[in-house]
Amino acid sequence: PSTEFELSFRRVRQNIDEIWHHLRNRMSKKSMSFVNELRYNMIYDLDVLSDRDNRWRYEELKNLSNFVQNRIHRLQNPSDCGTAKKLVCDLNKSCGFGCQVHHLAHCFVAAMALNRTLICDTDDWRTPSDQPNSWGRLFQPISQTCGDPSGHNRTDWSDDKLLNSYQVLYYPIIDYMQPIPPFLPLVIPTQIADPLVRQSGEPFIWFIGQVLKYMMRPSSDMSQYIDNFKRDNQFKHPIVGIHVRRTDKIGTEAKFHTIHEYMFFVEDFYNKLDLKNERNSVHKKVERLVYLATDEPEVWRKEITPYQEKGYVFKGDIKLSESADPYQRREFESLHNVVVDLLLLSQCDYIVCTFSSQICRLAFELMQTRHSTQDLSQAFYSLDDIYYFGGQVFHGKKALVSHSAQNDREISFKSGDILGIARNEHNGYNTGDHNRTKHKGLYPRFKVTEFVESVPFDVFD
Ligand code: GDP
């Protein structure tokens, strides 16, 4: 199968959902049950068609992942740290855990683009925890051979033509990059662009997921903890993850969402599976497992009962959530809990969350790196924002066909035009602006495709 085939295939799958979103905003619940059954059946048939080539898809993505992991490993473990080119990054950006991890990922991207070993003093990580060596207790070290930030000369990021002649480069946080480097998110490496665009509906998210996969390789303690947790709590597939982010986020960076809003999409996921079983003449109902990750213990105590009564089984640990009280975040346990939630969410088959939270974006990024025969790039529903990487330069869509505005809220464009995307309205439309005319407004999602930019990354040469 060619890239065109794969892109069209994924587009058909997505457009089935676009019709659904469009109609569920306009039609009564009763008429929607017809649409839903039709949709489940169409998805089933598409999955049958897609299964034909899944082995090949799986192999190509797995090989690509191994290639990227090997190159990062080689970059991070130079044979002579004394002469290695280095990029130094300070993990202590003053923000939450997810934001700090994304900051380190941003440094990793630069280290890979410039072929410099990333040096980061993770021992000096002033996390919300008072305890020393938090990073080392959670994750494996980012290098086995090279942690010394010194070198015979050093410089800061600038437009100095001689940048490359310095052994040590100090790298700033993404918000203060000047000049803007060509490899800043959402740009992907040219060397892996072809197979990646063919295999993933979200090439950048897959790529940053690979960076995180390396950075966040669990320590042996953490691995053991996760394995025990999964065994003791019967964490098994299929399972849907929901991330309910409340406490300090509400009213500042995000809106409040009821449990029903999350569960609507969980139910939809399982209805689809029930139909699949029926078509395959399997009469046993799928157990409806939900992994619940939240910073709000009240969700466990008060909100999930009606769904438990309907037969949903919730996994997770209320004790974990209880200690995640925002006012007790200085505890290492709290940090440990977030990481456990994050890693387990990333192992779910589908995630429902709010992408305004860095934790959920991290989980979704990591999810893409799993060696699965399913395309996981659409295995989520965000109740608020679309995906973004904080500080990203541009998120563009390319028009497949032209469009003339149907009212003054819509914008017009020609095929080939580049449009920005600010929001998915979940009714078949995006909000965004036209790159050239600068007009801002609504446009149909089915008329555009992802605009992927790539530049060469030296680490892959
Ligand atoms: P964001 O604020 O959600 O974008 O992400 P940050 O990493 O900046 O802050 C997240 C903080 O909220 C974490 O350090 C936790 O204290 C808490 N938190 C968020 N989600 C979860 C979760 O799923 N489980 C637990 N235990 N805590 C969470």
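Answer rounded, prolate or oblate for segment 121-161, using the Cα gyration tensor with square roots of eigenvalues a ≥ b ≥ c: rounded when a/c is under 1.5, else prolate when a/b is larger than b/c, else oblate. Since a/c reaches 1.5 and a/b is larger than b/c, the shape of segment 121-161 is classed as prolate. Between ARG154 and GLU4, what FRET efficiency comes out of the Förster formula 1/(1 + (r/R0)^6) with R0 = 45 Å and r the beta carbon distance, rounded to 0.05? The formula returns an efficiency of 0.40 here.
Based on the alpha-carbon gyration tensor of segment 339-436 and its eigenvalue square roots a ≥ b ≥ c, which shape applies: rounded if a/c is under 1.5, prolate if not and a/b is larger than b/c, or oblate? Prolate. Less than 17 Å apart at the alpha-carbon level, and either on another chain or at least 8 residues along: which aspartates and glutamates does that give for LYS302? Straight-distance partners of LYS302: GLU261, ASP317, GLU322, ASP325.
For the pair GLN234 and LYS438, a Förster radius of 41 Å applied to the C-beta separation gives a FRET efficiency near 0.15, rounded to the nearest 0.05. Extension gain, LYS29-LYS255: 0.36 nm per intervening residue step, less the Cα-Cα distance, totals 78.8 nm. Here segment 390-432 has an Rg and Dmax of 11.2, 33 Å, counting Cα atoms alone. Each DSSP beta bridge with both residues in the chain is either parallel or antiparallel, and the antiparallel ones are about 40%.
For LEU163 and LYS398, FRET efficiency with R0 = 41 Å and r from the beta-carbon atoms, rounded to 0.05? Please list the in-between numbers first.
Working: r = 32 Å, r/R0 = 0.79.
So the FRET efficiency works out to roughly 0.80.
For segment 89-174, the calculated P(r) over all alpha carbon pairs, in 5 Å bins from 0 to the bin holding the longest distance, is 3, 13, 23, 26, 18, 10, 5, 2, 0 percent. With 32 Å as the limit, the listed pairs LYS62/LYS249; LYS30/LYS284; LYS29/LYS276; LYS230/LYS397 have LYS62/LYS249; LYS230/LYS397 beyond it between alpha carbons. Once backbone amide H atoms are built at 1.01 Å from N, TYR429 has ARG445 as its partners under 5 Å, excluding neighbours fewer than 5 places away on the same chain.
Binning all Cα-Cα separations of segment 60-133 at 10 Å, short to long from zero, yields these whole-percent fractions: 19, 40, 31, 10, 0.
Of all accessible surface on the chain at a 1.4 Å probe, what whole percent is carbon and sulfur?
Of the solvent-accessible surface of the chain, carbon and sulfur hold 50 percent.
For LYS414, a cut-off of 15 angstrom between C-alpha atoms picks up these aspartates and glutamates, skipping any fewer than 8 places away in its own chain: ASP433.
Summarised as an ellipsoid, segment 178-309 has semi-axes of 32, 23, 19 Å, derived from the eigenvalues of the Cα gyration tensor scaled by 5 and square-rooted, with the largest first. At 222 nm, what helix-only mean residue ellipticity would the chain give, in deg cm²/dmol to the nearest 500, using -39500 (n - 2.57) for each DSSP H run of four or more? Per the formula, -12500 deg cm²/dmol.
Phi-derived couplings, Karplus 6.51 cos²θ - 1.76 cosθ + 1.60 at θ = phi - 60°, listed residue by residue for segment 252-267: 9, 10, 8, 8, 6, 10, 6, 4, 4, 5, 5, 5, 4, 7, 5, 4 Hz, with x used for Gly and Pro. Each residue, LYS284 and GLU267, gets one label point 7 Å from its Cα in the Cβ direction; the gap between the two is 2.6 nm. Along the charge dipole of segment 240-286, Cβ charges K/R +1 and D/E -1, which of TYR270, THR247, SER281 sits furthest on the positive end? Farthest along the dipole direction, towards plus: SER281. Solvent exposure of the chain amounts to 47 Å² per residue of accessible area, where only protein heavy atoms count and the probe is 1.4 Å. Computed about the Cα centre, the dipole magnitude for segment 190-298 is approximately 420 debye when only Lys and Arg (+1) and Asp and Glu (-1) carry charge, each at its Cβ.
Could you tell me whether the chain comes out rounded, prolate or oblate from its Cα gyration tensor? Rule is a ≥ b ≥ c as square roots of the eigenvalues, rounded for a/c under 1.5, then prolate if a/b exceeds b/c, otherwise oblate.
Oblate shape, in that a/c is at least 1.5 and b/c is the bigger or equal ratio.
For segment 12-23, 3J(HN,Hα) computed residue by residue from phi via the Karplus equation (6.51, -1.76, 1.60; θ = phi - 60°) reads 4, 4, 5, 6, 4, 6, 5, 4, 4, 4, 4, 6 Hz, glycine and proline entered as x.
The values are calculated or read from the model by the stated rules, or taken from the named source; none is laboratory data. None of these values were measured; they are calculated from a predicted model. All Cβ positions, even for glycine, are placed from backbone atoms using ideal geometry, and neighbour counts span all protein chains on display. Quick note on the areas: whole protein, heavy atoms, side chains included, nothing else; ligands and nucleic acids left out. Shrake-Rupley method; radii C 1.70, N 1.55, O 1.52, S 1.80 Å.
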